[in-house]
Amino acid sequence: MRERLGIAGNPRWALAIDTRKCINCKACIVACKAENGVPLGKFRNRINEEFAGSYPHLRASFEPEQCHHCASPSCVRVCPTGASYQRDDGLVLVRDADCIGCGYCIIACPYDARYFNPETRVVDKCTMCAHRVDAGREPACVETCPSRVRIFGDLHDRNGALRYTLDGRRSQVKKEQTGNHPQLYYLV
Amino acid sequence: MSRGVTRRRVLAGAAAAAATAALAPQLGCAPVARRRRAAATATEVRRVATACELCPNKCAVLAVVENGRVKKLDPNPLSPKSRGMLCARGNAAIKALYDPDRVKQPLIRAGARGEGRWREATWDEALDFTAERLRRIKDEYGPEAVLFSSTEGFQEEFFKNFGLAFGSPNILRHPTLCLASVNLAYSMTFGTVPSFDLLNARYVIMSGANRFESIITPDTMDLIEGAMNRKAKLVYLDPRFTVTAAKADEWYPIRPGTDLAFILAMLHVIIAEQRYDKEFVATRCLGFDELAAHVERYTPAWAEAETEIPAAAIVRIAREFADAAPRAVYYAGRRSSWYVHDFQMRRGQAILNAIVGNWDREGGVVPNSRIALGELLFLPWDEPTTERVDEIATRFPLAAKGDGAFLQARENVLAGVPYPVKGWMVYKQDPMNALPDRGRTQRMLEAMDFVAVIDTQMSDTAWFADVVLPESMYLERTDPLHMLPGIWPVVVLRQQVVPPMYDTKPNLEIIQGLAQRLGLGEYFDYTIEEWIAEQAAELPVDNPLEYLKKHGVYAPEGAPFYGKTLAPGYRFLTRSGKIELYSQRLAEAGHDPLPVYHPPTPIPEGSFRMVLGRKATHTHAATTNNVWLVEQTPTNHLWLHPDPAARLGIAEGDLVEVTSAVGSVRLPARVTPEIRPDCVFMLHGFGKKSPQLRRAHGNGACDADVLVTAWDAVSGNAAFHETLVRVRKVGKEEHRA
Amino acid sequence: MPEPRWGWLIVLYLFLGGLSAGLFFVSALATYLQRGSDPAYPRLARVGALLAPWPVALGSALLVFDLGHWYRFYKLFITFQWRSPMSIGAWLLAAFAGITLLSFWSWLSAESLDAWVRRLPRRLRFLRGINPPWRESLRRPLAMVGFPVALGVGIYTGVLLGAVQARPFWNTNLVAQIFLFSAMSTGCALLILALSLRRAGLEAGEARLLFSLDIVLIVLEFFVVLPYLIHGALSPLAVREAIGLVMGGPFTVPFWVLFFTLGLLLPLVLELWEMRPVLLDKETFHPSRTLAALSAVLVLFGGLVLRYVFVFAGQVSAFQ
């Protein structure tokens, strides 16, 4: 599996998430739905809720999650038509015209990031709002958040907010054991 | 040999049949590809700055319009009230605009009230009808026989003015159902209603005020930044383990209704240990000695018995709070419609804030700054002189008369005192859901000769009205400028993004239509453009109107200024000119001049106290038909602690019946330790009666059906947490209705 | 996963694919084994070859029409994504289809073909060429060429699942073997069933071959399934939890009762019972039609259930 952390000179877009600040307000989910025309019942992002403890010593945590735009994306690897592909800037996308809707990529994703779109009848997922990124803007989920939970940026940009944050704070990724080299960093 | 031919024929035939059967429905796929390619060509994109109306925060929004359709609402980073964010409700406004259940033209009742038979009418017909009925009531009973009730919004002013011009003093506004008590408490203490500098505070105590969950405001964002990044300490008291509880440093499941005990004990400790700001108290405050004597008996040990918060914790928190001052605040909260003594509890808060000297300091309690707007001068009418139906001048003399006392009004109207009220005009409000005891509100509606509702959807109240006058949705309207005071004040513009989809009008035009027919047209003889132009003229920018249309907001530059009111010789807007810890005015009105603790109603064995709360995905009862918001929060459940649930034999998802003194409802149970064992909770806004709200109709349960009527003694503010209920299981999970 | 993306259609397709592979496997074997200069089991070879193309054709057709855009299935054949088991499988299937159809054609009886040609309308007379003299000589070469392709098809259905690292229930190297042996076994079973439906029942020689083959395959399945479970129980937590789906979890009954007992154990016992004259006394034997058909149906049923459990349980399993 060829690792694609980005070629020097290209940006490598990624997200860092500060779950401490997430208040589970669902703004990111509805913003994504509006921005990307996500059908009802399907989601390109979600918030994993976890409750623990016993009364009155209770704890709750909220963890946003979406496509991790992995460096070794298993979804791209298993696609039989090459519809699932990765750009030089690291974004993992789907060419709608080539997608036959077999659903193999949906199953191959360790993060359950993909879904079958019943309207277009191809596979959809978070595109990191590539259309916004290409226009120099942030993804909708990043922009809309009251808590600024997500930090979007270029991993190669030493002076950018993302690199600065990741250099200054410990972070971890999810399900490393699957070997996908996910690029969604959870600040610890 | 013929066997082989037959076999092959059969196989071939079967294959052909299968192929045809499977092929036929799929052939429709081909045109989809062509359609999508066509859409990718010419796209006309406009970006229009406006202000959201899905909740009272009025965030600045950039509406993205593609080929005449609102495709996305982006946050406008220029407003300090929204700081470049847009919450779930704001994003879902698109689905409110394109909700097929919207009222699309004026409707006049064609059957019995509440039967749901409507006939579509033109605006002329509907306005003629409404004006005629109003005139009839005015002629027979006088103009005061018509109530004008509304919820806040940029066009509310026109509705209120129409009521006054009509001659009715009975204007009822939303604060009497929400924050009248806290506003009055802070006004009586500081002479004004301040904001809280949560961004710079180091220590924050909150009673309820579920800032991280119930509504997204600048306080939400500042508190997140303050608590998470700047390491401020958050102490949170709430019978429920809310999102705010999850983020707080300390959460205490306080016994509901005992917050004042906690505050008085804190005062006791801080005064006894001399941790208050002596200089500030001496120079700016009145009544400290009375206060000190008053709180002597309110010891932490006593408070522990009342609140179920350990005395040691109360002492420690009091010390930490005082030591962190002036960057320490006891947050006032927004919705203060809790208990019948709520005003005094908020007074206690204000007093506590005052003596630690956090007033008008960075990280403290800061009076609002304002921006001067111009005013269109229009013909003034004679202010109505008749006494209000809620008798507010005698019953709640200190309360804000412009807002009224809604629940007292309802009682009086039903009793026919002090005079009959026969008409009810409602704007942007759903009293059937907003008031407690929905059955009682329905009786009030049914007792009216005439009810007209101005709304965008067929709310439960509209369902029981005689006329529904549909207002255009906010994206279809231009509204007056609004100045939002605060530590960072801002002026926002709401301007039309798309033309009205249906035969609807902005409220001003509806009011003008009614005014003309009632001979009041001269009082509303202006256009919205003229109104806004006058307002904008005072702004200190070139071409202010163009500026606002382009940017959507005007926010003055520069850091907030603290300390204006700390200048020597400054006179607070109180009778004494000082911050009134002890209030003579309260004493004269027959109320406790210093907050006296009254315990809440004890909860009988086997009963529960119903507490209310909100969620980031719904605005009260107004959004439970919005498809994107319903997708996130589809229905409501009854929160019940596992211990009483086990005693009652109730498991997660079981259908339960909740019964109070005024009604009962059924909904599924959510068995969770996130609530005190003696309380239950259900989210507001569900269980609608109106069948025209298809997603909300019959979905979940309506809390208003069980809430009892109670109000705060000083402000008349509704008290929603005084309801005691019994719960029993009526069905297993799979039999949920 | 929030909901399984692959459902009964995939289960059916994997089953039918394996079935075709197994049918061709047995047919090729029967073609290859000679008695003198003639194939040793000509009828077995013929029936297997005639049946082989159709289950996978049906499964593939159903699959194609279930795609998001069915007419795009050709895109599978304009590229080769060598890292995608599905791409490899698509090409393998194309080869398998070609070979099995040619083999089908080569195994048709000359008489039936002639009769068919005679009944052709004048315009289609050019199809007379459908029965060239060298037709039947293709049988052995096709069997030899197709044998590895059939094995490939049988294995690939397992690799399709086994190569997915995200699903701990699948991600072992034993899934391919489980599916291969099951595929071969279902092929044997269908032939046993087809032949036992004849009034005369199974011929002794055919029965010996088929039963022996199936017994060996079932035993091999044991040797793969049991280590798969044992190893899984000794693996990292995610795999242990995945295996738990069949060891106490929601798929326990289908796996152990329907697949293991009814689909493996019972047919094994029945087949051993049928074969006992041969095993013990070296007598020729006349297998009971009923018992043969019964054990065949159970094997086929078990093969379907095996794929059902794997497809559905796999999509439930996940890493933490």
- Computed on alpha carbon atoms, what radius of gyration and Dmax characterise the protein assembly as shown, expressed in Å? 37.8, 124
- Message: What figure, in Å² to the nearest 10, do you get for the accessible area of A:I23 with a 1.4 Å probe and non-protein molecules left out?
- Response: 0
- Message: How are the alpha carbon pair distances in region B:242-324 distributed across 10 Å bins from zero to the largest one, expressed in percent?
- Response: 18, 45, 28, 9
- Item | Whichever lysines have a C-alpha closer than 17 Å to that of B:K688, once near sequence neighbours (fewer than 8 apart) are set aside | B:K428
- Note on the structure: dims of region C:279-320, Cα set, principal axes, largest to smallest, nearest Å -> 58, 21, 7
- Over the protein assembly as shown, give the accessible area per residue in Å² for a 1.4 Å probe, as an integer. 38
- Task: Under a 10 Å cutoff between Cα atoms, tell me which one of C:P277, C:P121, C:P141 has the largest fluctuation in the Gaussian network model of chain C.
- Result: C:P121
- Message: Ordering B:R410, A:R95 by accessible area with a probe of 1.4 Å, largest first, what comes out?
- Response: A:R95, B:R410
- Item | Average beta carbon contacts from partner chains per residue of B:240-252, 10 Å cutoff | 3
- Query: Of C:H231, C:H286, C:H69, which has the largest mean-square fluctuation in a 10 Å C-alpha GNM of chain C?
  - Reply: C:H69
- Message: For chain C, what does the helix formula give at 222 nm: sum of -39500 (n - 2.57) over DSSP H segments with n ≥ 4, over the residue count, nearest 500 deg cm²/dmol?
- Response: -21500 deg cm²/dmol
- Would you be so kind as to identify all helices of chain C, as entire DSSP H runs, whose Cα atoms reach 27 Å or more along the helix's own axis and whose mean Kyte-Doolittle hydropathy is at least 1.0? C:8-32, C:85-107, C:139-162, C:175-196, C:204-233, C:289-316
- Item | At 1.306 mPa s and 10 °C, Stokes diffusion of chain B via Kirkwood alpha-carbon radius, µm² per second | 57
- A 1.4 Å probe over the protein heavy atoms gives chain C a carbon and sulfur accessible-area percentage of 69
- Message: I'd like to compare C:78-84, B:70-76, C:46-52, C:122-128: which one has the highest average count of other Cβ atoms within 10 Å, and what's the full order after that?
- Response: C:46-52, B:70-76, C:78-84, C:122-128
- Message: For chain A, give me every cysteine whose Cβ has no other Cys Cβ within less than 4.7 Å, ordered by residue number.
- Response: A:C22, A:C25, A:C32, A:C70, A:C79, A:C99, A:C102, A:C109, A:C129, A:C145
- Task: Could you give the DSSP H helices of chain B that reach 30 angstrom or more along their long axis (alpha carbon positions) and whose average Kyte-Doolittle hydropathy is no lower than -1.0?
- Result: B:2-26
- Most packed first (mean Cβ within 10 Å per residue), the peptides C:174-180, B:726-732, B:306-312 order as C:174-180, B:306-312, B:726-732
- Task: Would you please report the Å³ per residue occupied by the convex hull of the alpha carbon atoms in region B:160-201?
- Result: 115
- Task: Using label points projected 7 Å from each Cα along Cα→Cβ, tell me how many nm separate A:S61 and B:Y98, to one decimal.
- Result: 3.8
- Positions from region A:165-188 whose accessible area shrinks by 40 Å² or more when the full protein complex is built, not the chain alone, probe 1.4 Å: A:K175, A:Q177, A:T178
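Please compute how much accessible surface disappears when A pairs with C, both sides summed, using a 1.4 Å probe, and round it to the nearest 100 Å².
Approximately 2700 Å² gets buried when A meets C.
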- Using a 10 Å cut-off on Cβ to Cβ distances, tally the other chain neighbours for every residue of A:94-105 and report the average as a whole number. 6
- Out of residues 5 or more away from B:S369 or on other chains, whose amide H comes under 5 Å of its own, with H placed 1.01 Å from N in the peptide plane? B:G486, B:I487
- Project the alpha carbons of region B:168-233 onto their principal axes and report the range along each, largest first, in whole Å. 51, 26, 17
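For the pairing of chain A with chain B, what total accessible surface becomes buried, with a 1.4 angstrom probe, in square angstrom to the nearest 100?
Between A and B, the summed buried area is about 3200 Å².
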- Message: What aspartates and glutamates does B:K104 reach when the alpha-carbon gap must be under 14 Å and sequence neighbours fewer than 8 apart in one chain are set aside?
- Response: B:E120, B:D455, B:E471, B:E476, B:D503
- Highest mean first, what order results for B:538-546, B:98-106 on Cβ atoms within 10 Å? B:98-106, B:538-546
- Note on the structure: The orientation-averaged projected area of the Cα convex hull of region B:492-637, in nm², is 19.1
- Message: Could you compute how fast region B:312-427 diffuses translationally, taking Rh as the Kirkwood radius over C-alpha pairs and applying Stokes-Einstein at 4 °C with viscosity 1.567 mPa s? Give it in µm² per second.
- Response: 70
- To one decimal place, what Kirkwood hydrodynamic radius in Å is obtained for chain C from all pairs of distinct Cα atoms? 20.8
- Note on the structure: Looking only at lysines whose Cα falls under 23 Å of A:K33's and that sit 8 or more positions away or on another chain, we get A:K21, A:K42, A:K125, B:K58, B:K71, B:K72, B:K95, B:K615
- Message: Leaving out ligands, DNA and RNA, and with a 1.4 Å probe, what % of the accessible surface on region B:378-518 is carbon or sulfur?
- Response: 50
- Task: Rounded to the nearest 500, what is the 222 nm mean residue ellipticity of chain B from helices alone, with -39500 (n - 2.57) per DSSP H run of 4+ residues and division by all residues?
- Result: -9000 deg cm²/dmol
- Query: Just counting partner chain Cβ atoms within 10 Å, what average do the residues of peptide A:54-65 show around their Cβ?
  - Reply: 4
- Message: Taking the full set of protein chains and a 1.4 angstrom probe, give the accessible area of A:H156 in square angstrom, rounded to the nearest 10.
- Response: 70
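The values are calculated or read from the model by the stated rules, or taken from the named source; none is laboratory data. All of these numbers come straight from a predicted model, not from anything done at the bench. Reconstructed Cβ throughout: ideal geometry from the backbone, glycine too, with neighbour counts over all protein chains shown. Side chains included, ligands, DNA and RNA excluded: accessible areas come from the protein's heavy atoms. Shrake-Rupley method; radii C 1.70, N 1.55, O 1.52, S 1.80 Å.
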